[in-house]
Amino acid sequence: MDSVEDQEVEETPLINSSKPSSDQQQEEDSHSPVEPCKKTTRSSLLFSLLIEPFQWLQMLSSQLNPSFIFGIVLVYGLSQGFSGSFFRVVTDYYWKDVQKVQPSMVQIYIGLYYIPWVMKPIWGLFTDVFPIKGYHRRPYFVVAGVTGCVSALLVALLGKLPISVSLACFIGITAGVAIADVTIDACIARNSIEFRSLAPDMQSLCGLCSSAGSLIGYSTSGFFVHHLGPQVSLCLLAIPPALLIVLGFVIHETRLVTASLRPEKKKAMENLVAAVRGMHTSIKCPQVWKPSLYMYLSLALSISTHEGQFYWYTDPKAGPAFSQEFIGVIYAIGAVASMFGVLIYHKTLKNYPFRNLLFFVQLLYGLSGMLDVIFILRWNLIFGIPDSFFVIMEQSVSHIITRIRWIPMILLSTRLCPIGIEGTFFALLMCIDSLGSLSSKWGGGMALHFFHVTRTDFTNLWLVILIRNILRLATIGLIFLIPKADQSDELIPADLLTKKSDTIPINEGLHLVSISEKHEAYIGA
């Protein structure tokens with residue numbers, strides 16, 4: 001564009017052979033095409049930046065089924081992003097102000113939230129093996145919606161409940177999210193195998209939707225807690241599962257038509273046995289169990305100190321005494337930072353080998369945790385940095401790094417799934433991750449209890465966080481378990497992708513993504 005502009009400027013004197021007068025020159029300068037062209041260039045650039053996300057979504061919708069994209073937006077954006085962030089803040093205040101539980105015990109309770117996530121292989125087996133009315137995915141979105149909606153309304157409307165009943169309702173809410181997650185993940189895993197070039201884009205879309213939903217959830221949670229109280233605010237958590245029920249009726253899925261004359265129950269049991277056999281065969285493969293072990297240990301060794309920090313954030317004596325609204329703002333800014341993390345990965349990091357990328361990200365993950373130590377010790381005040389500014393900076397850095405660390409690990413999991421049991425096997429890998437998160441929560445709870453971090457005593461909180469950071473850095477020594485392959489490479493033996501004896505052929509007629517000659521041409525390109 002610059003060269004064209006230069007040419008236009010140079011060619012202008014050739015139009016009039018005589019030298020123009022000063023008035024003419026000023027008039028011509030006022031009508032010079034250079035400035036309008038520059039303005040047009042800037043406007044075009046801004047417009048292209050604004051429409052680029054929509055063009056990207058249009059590309060994904062054209063290559064994949066639009067209802068599948070809608071499912072990702074709903075499950076990752078509302079069910080996980082909004083519900084997860086809103087649930088996190090509201091339940092923190094619920095345990096602290098309504099039930100008045102110690103932070104170490106809250107860590108144990110939060111660990112129990114992961115039980116439905118640990119059961120993901122069971123949900124995966126159901127979706128892969130036991131169709132309802134000929135559908136493998138649609139009914140389970142409905143089941144997830146009903147479970148989450150009923151659980152949220154019970155705990156919100158029945159007044160102060162015994163701790164055990166409240167905990168059961170919270171587990172029910174997470175169960176609805178987990179069932180919906182495993183159902184959409186089965187579709188993503190299948191599509192990542194069939195459309196390998198689009199796998200990073202699908203994970204980027206998942207990350208963006210999750211971060212956008214988290215932004216909405218965090219930014220509104222403090223307001224609702226302040227004005228409605230933590231218990232009544234839980235009513236809002238019934239909205240996303242209600243939409244999951246709608247998704248179960250609108251998402252595209254080809255109904256399975258069984259030509260066999262064998263009884264359905266007998267066939268289901270045979271498929272179940274085949275699925276278990278396929279999972280056993282796959283998990284024994286070194287290319288599978290080594291990265292799975294790394295993913296578990298990287299999560300488990302990073303012990304969670306969230307509840308201790310949350311109680312300290314809101315303490316008027318030992319901590320900075322952040323208000324309910326500002327707590328939501330802190331987490332909302334973290335969600336925005338997560339979106340930047342997705343963009344950084346999508347634009348610059350998706351072509352790096354798995355091992356190199358995870359090595360440097362894990363290193364940054366451990367070093368960035370030292371910001372928490374500085375904050376707890378209040379060294380930021382020594383340097384003249386206000387608490388509000390420092391915590392926003394810390395949340396931004398940690399969320400960017402966490403998101404960049406999360407996407408390649410999820411993408412790696414999709415690369416380890418054999419065809420035919422991709423829903424079940426991906427759920428197994430996510431179960432391993434959930435076990436790692438559960439271990440992290442319980443390990444952090446025991447550390448908080450061991451170092452006597454309570455509702456009012458935060459003397460040793462900095463020491464617990466320092467131990468957490470050392471364990472994060474120690475995880476780098478396990479990086480050899482991650483393959484050196486690129487993110488677009490096939491990681492498991494070819495026979496696991498093609499062998500039918502150990503996998504389930506029931507999904508051959510099931511495609512939540514339409515496969516056409518256009519898609520095959522796209523893959524070939």
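The values are calculated or read from the model by the stated rules, or taken from the named source; none is laboratory data. Computed from a predicted structure; not experimentally measured. When we count neighbours, we look across all protein chains shown, and the Cβ atoms used for this are built from the backbone with ideal geometry, even at glycine. In case anyone asks, the SASA skips ligands and DNA or RNA and just uses the protein heavy atoms, side chains included. Shrake-Rupley method; radii C 1.70, N 1.55, O 1.52, S 1.80 Å.
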Residues of the range 164-199 satisfying the condition of being surrounded by 22 or more Cβ atoms within 10 Å (Cβ to Cβ) and of a type in the set (K, R): R190
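How many residues, within the range 282-304, are among the β-branched types (V, I, T) and surrounded by fewer than 21 Cβ atoms within 10 Å (Cβ to Cβ)? Don't jump to the end; show me each part of the working.
Restricting attention to the range 282-304, the residues satisfying the condition of being among the β-branched types (V, I, T) are 283, 288, 303.
Now narrow it down to the ones that are surrounded by fewer than 21 Cβ atoms within 10 Å (Cβ to Cβ): 283.
Within the range 282-304, residues that are among the β-branched types (V, I, T) and surrounded by fewer than 21 Cβ atoms within 10 Å (Cβ to Cβ) number 1.
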Flag if Y331 is under 23 Å from F82 (Cα atoms) and in a helix (DSSP H, G or I): yes
Which numbered condition V155 fails, given (1) open to solvent by less than 10 Å² (accessible area, probe 1.4 Å); (2) under 22 Å from the mean Cα position of the chain (by Cα): (2)
Single residue of the range 376-387 satisfying the filter (open to solvent by less than 50 Å² (accessible area, probe 1.4 Å) and not aliphatic (A, V, I, L, M)) that is farthest from the chain's Cα centre (by Cα): N380
Residue within the range 417-425 that is acidic (D, E), under 17 Å from the mean Cα position of the chain (by Cα) and farther than 18 Å from I376 by Cα present: no
Residues located in the range 139-150, provided they are crowded, with 23+ Cβ neighbours inside 10 Å and not hydroxyl-bearing (S, T, Y): F141, A144, G145, G148
Failed item, numbered, when S323 is tested on (1) open to solvent by 20 Å² or more (accessible area, probe 1.4 Å); (2) closer than 23 Å to W406 by Cα: (2)
Subset of the range 164-186 (residues that are under 22 Å from the mean Cα position of the chain (by Cα) and farther than 30 Å from R415 by Cβ): F170, I171, G172, I173
Those helices (runs of 4 or more DSSP H) lying entirely in the range 336-431 with at least 2 residues basic (K, R), within 29 Å of I216 (Cα to Cα) and touching a helix residue (DSSP H, G or I) at 6+ places or on another chain (Cβ under 6 Å): 387-415
Out of L161, L112, sole residue that is under 20 Å from Q231 (Cα atoms), open to solvent by less than 50 Å² (accessible area, probe 1.4 Å) and over 26 Å from the mean Cα position of the chain (by Cα): L161
Any hit, the range 125-135, residues being charged (D, E, K, R), open to solvent by less than 30 Å² (accessible area, probe 1.4 Å) and either farther than 18 Å from M430 by Cβ or touching a helix residue (DSSP H, G or I) at 6+ places or on another chain (Cβ under 9 Å) (or both): yes
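State whether one or more residues within the range 443-460 are in a helix (DSSP H, G or I), modelled with pLDDT under 80 and touching a helix residue (DSSP H, G or I) at 6+ places or on another chain (Cβ under 6 Å).
Residues of the range 443-460 in a helix (DSSP H, G or I): 443-450.
Then drop every residue that is not modelled with pLDDT under 80, which leaves none.
The answer is no, given that none of the residues of the range 443-460 is in a helix (DSSP H, G or I), modelled with pLDDT under 80 and touching a helix residue (DSSP H, G or I) at 6+ places or on another chain (Cβ under 6 Å).
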